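Below: the structure, in C-alpha cells.
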Amino acid sequence: MAGSYFGNSFRITTWGESHGPAIGVVIDGCPAGLALSAKEIQCFLDRRKPGQSRYTTQRNESDQVEILSGVFEGRTTGTPISLIVRNQDQRSKDYGNIASCYRPGHADFTFDSKYGFRDYRGGGRSSGRETIGRVAAGAIASKLLAEMGVTIMAYAKSIGPVTVPTSEYHLTEIMENALYMPNNTYAGQAEIYLKECMERQDSSGGVIECTVHGMPAGIGEPVFEKLDAVLAKAVMSIGAVKGVEIGDGFQAATSHGSINNDAFTCENGSISKLTNHSGGILGGMSDGSDIVLRAAFKPTPSISQVQQTVTTTSENIDLSIHGRHDPIIVPRAVVVVESMVALTLIDLLFANMSSRLDKILSFYKR
C-alpha cells in the first residue's frame, strides 16, 4: 500500500490495523537533543482514546505508547523514532455480518475495488484507530514547534447545527466539556442535540477550528507546496474530513477585494496586518499572523438504523450496523487535526532552512 507516509524533511510512516496486534508510527528527521518522554506523547494520545464520554466509542483501550527506538536517556538521538500502541480490546466478531457486504459511507466497496481483498474487521487501515500514529508523531512535532515559540490550539467550533460564535469563545473552557468546544453553554446545547441523534440511532458531523500562533512569515513554497495546499492535504487525509477552509474560506467568494484584502501597517519597525481574512497565509506562505483553519467532518457512517446496501455478490439487502461506534467523530478528532497541522508546519520549517544562502553561510560559518 502506497501513501502511508507524510512529510519530507520531517517524515512519518504509520502502520497497523484496527483489529491487528498493534498500531504505530516511525518518525524520521527529528533532530537530536530534544527532551522527550513517553508521558509527553501519552498526553496527546489520551485526548483521542476511546471511552472518554458517552459520545465516544466504549471500546476499552488504554492506548499506552511505547518508545522502541530513537530516544536515549530522555533525549532524541537523531535516528528514526519508532512508537507502538498495542490493541487490547478487539471484538472482530462484531463485524462478522458485514464481511460479505458493503457498509454505506465506509471504504468497504472502494477497498474491494482497488485491492480485490479487504480487512473487514473495523475497516483495517481505514479505521479511525489509524490516527494513533499521526497523534503520537504530532506530539513530537508540537514539542519541536513549542521550542520555536509556535503554539497550536484546536477545538470543536460546531456540532451539528450548534455553532460557537467567535465572539463567544472562552478558550479556557475547551478542556472543561466532553466535546472540546470553546464555550460550555454551547457544549451543553450540542449534548442535547447529540442525545436526540443517539435516540434516533443516528450520528452527527461538525467543524473543528485550528489556530496557530507565532508562525514566522515566509514559510511554505510558492507553487505546488503552498502552505495552505499542504495543510489542506494533511487535514483532508483524516478519514472523515470532507472540506477544509483557511481564513474566510468560502465566505471570501461572496466578499469584495476592498473587504477581503488585509491592510498592512508598521509600528516600531514591525510589519503586521490590521485584519486576518487571509487566515495567516498569502501567496502560499505564512504572513506572520495567526493561521486559522477549519475542517468539516461528516457524520459517523456506522449507525444502527436500517440502511440499504448490496452484498459482494451484488444482492440488494438491508443492513443495521452493530458494535461500538462514536455517535460523533469530532471530539476525538480535535487532537488529530492539531497533530496534522503540527506535522505540516515542522516539515516546512525544516525545509525553509535552505531557502536563503545567507542563512546557510551563517549556520556553517567557521
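The values are calculated or read from the model by the stated rules, or taken from the named source; none is laboratory data. In this text, all values refer to a predicted model and were calculated from it rather than measured experimentally. Cβ sites come from the backbone with ideal geometry, for glycine too, and all protein chains shown count toward neighbours. SASA here: full protein model, heavy atoms, side chains in, ligands and nucleic acids out. Shrake-Rupley method; radii C 1.70, N 1.55, O 1.52, S 1.80 Å.
Tabulated values for the structure
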{"item": "The chain - percent relative contact order, Cα under 8 Å, separation 6 or more", "result": "21"}
{"item": "Assigned charges on the beta-carbon of Lys, Arg, Asp, Glu; the chain dipole about Cα centre (debye)", "result": "720"}
{"item": "Within straight-line cross-link reach of Lys233, aspartates and glutamates at Cα separation under 15 Å, skipping those fewer than 8 residues along the same chain", "result": "Glu221, Glu225, Glu245, Glu338, Asp347"}
{"item": "Within a Gaussian network of the chain (alpha carbon springs, distance under 10 Å), most fluctuating of Ala295, Ala252, Ala333", "result": "Ala252"}
{"item": "Carbon plus sulfur fraction of accessible area for the chain, probe 1.4 Å, in percent", "result": "54"}
{"item": "Gap separating the Cα centres of segment 319-366 and segment 224-243, nearest whole Å", "result": "10"}
{"item": "Residue-averaged [θ]222 nm for the chain, counting only DSSP H segments that reach four residues, each worth -39500 (n - 2.57)", "result": "-8000 deg cm²/dmol"}
{"item": "Long-range amide H partners of Tyr155 with built H, under 5 Å", "result": "Glu209"}
{"item": "Rounded Å value of the spacing that divides the Cα centres of segment 1-52 and segment 123-185", "result": "17"}
{"item": "Degrees, to the nearest 10: 184-199 long Cα axis against longest axis of the chain", "result": "30"}
{"item": "Kirkwood Rh (inverse of mean 1/r, distinct Cα pairs), the chain, angstrom", "result": "21.9"}
{"item": "Under 17 Å from Lys39, Cα to Cα: aspartates and glutamates that are on another chain or at least 8 residues apart", "result": "Glu61, Asp63, Glu66, Glu73"}
{"item": "Long-range amide H partners of Ile281 with built H, under 5 Å", "result": "Asp287"}
{"item": "Out-of-range pairs (alpha-carbon distance over 25 Å; input Lys49/Lys298; Lys143/Lys298; Lys114/Lys298; Lys242/Lys273)", "result": "Lys143/Lys298; Lys242/Lys273"}
{"item": "Packing rank of 280-288, 263-271, where each peptide gets the mean count of other beta carbons within 10 Å, highest leading", "result": "280-288, 263-271"}
{"item": "Using alpha-carbon coordinates, inclination of helix 330-352 to the longest axis of the chain, degrees", "result": "40"}
{"item": "Solvent-accessible heavy-atom area per residue, rounded to whole Å², over the chain at 1.4 Å", "result": "49"}
{"item": "Segment 1-47, relative contact order [Cα under 8 Å, separation at least 6], %", "result": "25"}
{"item": "Segment 223-337, dipole about Cα centre (Lys/Arg Cβ +1, Asp/Glu Cβ -1), debye to the nearest 20", "result": "260"}
{"item": "Cut-off under 5 Å, modelled amide H: who pairs with Gln201 long-range", "result": "none"}
